[in-house]
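All of the numbers you see were taken from the coordinates with simple rules; none came from a lab. This is a predicted model, so every value here is computed, not measured. Cβ placement follows ideal geometry from the backbone for every residue including glycine, while neighbour counts extend to all protein chains displayed.
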Amino acid sequence: MRAWILDGSFGLEQLTLKARDRAEPGPGQVRLKMTAASLNFRDLLMVRGLYNPRQPLPLIPCSDGVGVVEAVGDGVDEGMLGQRVMPIFAQGWLAGAPTREKLMSTLGGPLDGTLAEEMVVSADGVVEVPEHLTDVEAATLPCAGVTAWNALAEQGGIRAGQTVLTLGTGGVSIFALQFGRLLGARVFITSSKEEKLARARALGAEECINYVENPKWGKVAAELAGDGVDLVVEVGGAGTLEQSVRAVKIGGRISLIGVLSGGVEAFNVIPVLMRNLRIQGVIVGHREMFEAMNRAIEFHGMRPVVDRVYGFEEVPAAFEDLGKGEHFGKLCIDLTQ
Ligand SMILES: NC(=O)c1ccc[n+]([C@@H]2O[C@H](COP(=O)([O-])OP(=O)(O)OC[C@H]3O[C@@H](n4cnc5c(N)ncnc54)[C@H](OP(=O)(O)O)[C@@H]3O)[C@@H](O)[C@H]2O)c1
C-alpha cells in the first residue's frame with residue numbers, strides 16, 4: 001500500500017509518497033481501506049514541524065478520513081466488515097474527561113494518520129459514517145466537526161435564540177456556523193473577504209463582519225447582538241482574543257480553539273474578571289461526542305462544506321492551498337483518485 005510519509009526532517013518538501021507493507025489487524029483492531037481524507041490547519045503545522053518539533057519521524061500525517069473495514073482482528077465483530085467508518089481523532093479517548101495518556105493517542109501525530117491507502121486502528125477507535133454523506137464529506141468530521149460541536153453543543157450548551165460569534169471561514173468556523181443554525185442560535189461571523197461573507201450569509205449567518213475593514217470587530221459584534229454575544233468560537237488565538245473579549249456578554253464564554261493569528265501576545269486580563277467571563281480551552285472531543293454530533297447531522301440532513309477535492313497524488317498542492325487560506329470550509333483528498 002502507498003502512504004504520504006514525512007521522513008528525515010520536517011517541511012512540505014520532505015513529504016513523499018512511498019510504498020509500505022500491508023499491516024494485519026491485531027486483537028481488537030480493524031484494517032481500513034481508506035477512501036478519503038481532509039486537511040486541518042494542525043496537519044500543516046505538524047508537517048512544518050511547528051506543532052510538535054519533537055514528533056518522531058517517519059510520520060503519516062493527517063487525523064481525518066474515511067475508510068471501509070476490510071479485515072478484523074481477533075475479538076472483533078465480523079459484522080463490522082464492509083462498514084464505512086471514520087477513525088476518531090484521539091484513539092484512546094472514548095468518553096469522559098481527557099487525560100494526558102488519552103491525548104497522546106491522536107492520529108497524524110504522534111500516531112500515524114489517514115494519508116494512506118490502508119490503516120490499522122482499534123475497533124473502538126472508529127465510528128460509522130452518517131448514511132447520507134459521501135466519503136469525502138464525512139472525512140471532514142473527526143477533528144474540525146467534533147471541535148465545533150464540542151464548543152457549541154457540549155461545553156457551550158448553546159440553546160435556541162442565543163448568539164454565537166465565529167471567526168473566519170475555515171473548517172472549524174464553518175462547522176460552528178452550521179451547528180449554530182442547527183441548534184437554533186443566531187450566528188455572527190467574521191472574514192477578511194466580502195465574497196466569503198456572502199457565502200456565509202447564504203448558509204444562515206445573520207451578521208457578517210469584515211475584520212480587515214473593522215479592526216474593532218469585537219465591539220461591532222457586541223453592539224449588533226445588543227449586549228454582547230453568548231459564545232465566541234475563538235480560532236484566531238492571541239491576536240484576536242482581545243476583540244473576542246470585547247464581543248462577549250457579561251458572564252459569556254470564549255471557546256479557545258486555535259492559534260491562526262499566533263499563540264503568544266500581551267493580553268489585558270482585567271475585562272475577563274470584571275465581566276465574569278469564562279475562557280475554556282477545547283481539544284477536539286471524545287467518541288461519544290462524535291456519535292452525538294453524527295446523530296444531529298443525520299437527523300437534520302446536514303452536509304459539511306467541502307471547498308475543493310484533490311487526488312491522492314495532489315496532497316502537497318492541497319497543503320500549499322491550505323497555507324494560503326483562500327478556502328471556505330474544508331479541503332479534502334479523494335484517496336481513490
Ligand atoms: N483545539 C482544537 O481541538 C482544534 C481543532 C481544530 C482546529 N484547531 C485550530 O483552530 C484553528 C482553525 O483551524 P481550521 O482547520 O479551521 O483552519 P483553516 O481552515 O485553515 O482556517 C483558515 C481561515 O481562518 C481565517 N483566519 C485566518 N487568520 C485569521 C484571523 N487572524 N482572524 C480571523 N480569522 C482568521 C481565514 O478566514 P477568512 O479568509 O474568512 O478571513 C482563513 O481562511 C487552527 O489554529 C487550528 O490549529 C484546534
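Of note:
- For LYS219, the lysines whose Cα falls under 25 Å of its own Cα, not counting residues fewer than eight places away in the same chain, are LYS193, LYS196, LYS249.
- Remark on GLY236: its backbone amide H falls under 5 Å from those of GLY258, LEU260, a criterion applied only to residues 5 or more positions apart or on other chains, H modelled at 1.01 Å from N.
- Pairwise centroid distance, computed over Cα atoms, of region 261-314 with region 78-106, Å: 18
- For region 105-111, the Karplus equation 6.51 cos²θ - 1.76 cosθ + 1.60, evaluated at θ = phi - 60°, returns couplings of 10, 8, 7, x, x, x, 7 Hz by residue, with Gly and Pro reported as x.
- Length released on extending from GLU265 to LYS219, taking residue separation times 0.36 nm less the Cα-Cα span: 14.6 nm
- Percentage of interatomic Cα-Cα distances in region 212-284 larger than 22 Å: 14
- The 3J(HN,Hα) values that the Karplus relation (6.51, -1.76, 1.60; θ = phi - 60°) gives for region 73-88 are, in residue order, x, 4, x, 9, 4, 5, x, 6, 4, x, 5, 8, 9, 10, x, 7 Hz. Gly and Pro appear as x.
- Charged-residue dipole, Cβ positions (Lys, Arg, Asp, Glu), region 156-281 about Cα centre, Debye nearest 20: 260
- Farthest positive-ward along region 4-57 dipole, Cα basis, beta-carbon charges - from PRO53, SER38, GLY11: SER38
- Euclidean distance of C-alpha centroids, region 166-181 and region 182-242, integer Å: 10
- Helical contribution to [θ] at 222 nm, DSSP H n ≥ 4, -39,500 (n - 2.57), averaged over the chain, rounded to 500: -7000 deg cm²/dmol
- Modelled label reach - LEU57, point 7 Å along Cα→Cβ, region 1-40 residues with backbone N closer than 19 Å: 3-20
- For region 242-257, the Karplus equation 6.51 cos²θ - 1.76 cosθ + 1.60, evaluated at θ = phi - 60°, returns couplings of 4, 5, 5, 5, 5, 6, 7, 7, 4, x, x, 10, 10, 8, 8, 10 Hz by residue, with Gly and Pro reported as x.
- The simple spin-label model puts a point 7 Å past each Cα toward its Cβ; for LEU50 and LYS18 those points are separated by 2.5 nm.
- Candidates per GluC sites (Glu not before Pro) in region 140-241, loop by DSSP, up to 11 other Cβ within 10 Å: GLU213
- Summed side-chain charge close to GLU194 - residues other than GLU194 whose Cβ falls under 15 Å, Lys, Arg +1, Asp, Glu -1: 0
- Count Lys and Arg as plus one, Asp and Glu as minus one, and take only other residues whose Cβ is under 15 Å from that of VAL259; the net charge is then -2.
- Kirkwood hydrodynamic radius computed over region 156-281 comes to 14.1 Å, based on all pairs of distinct alpha carbons.
- Expected-Rg normalisation [2.2 N^0.38 Å, Cα atoms] applied to the chain: 0.98
- When only the Cβ of Lys, Arg, Asp and Glu is charged (+1, +1, -1, -1), the dipole of the chain relative to its Cα centre reaches about 1100 debye.
- Within the chain, DSSP assigns beta bridges of which about 55% are antiparallel (rounded to the nearest 5).
- Distance (nanometres) between label positions extended 7 Å along Cα→Cβ at ALA292 and GLU78: 3.6
- Qualifying trypsin sites (Lys or Arg not before Pro) in region 127-200, where qualification requires a DSSP coil assignment and no more than 13 other C-beta atoms within 10 Å, comprise ARG159.
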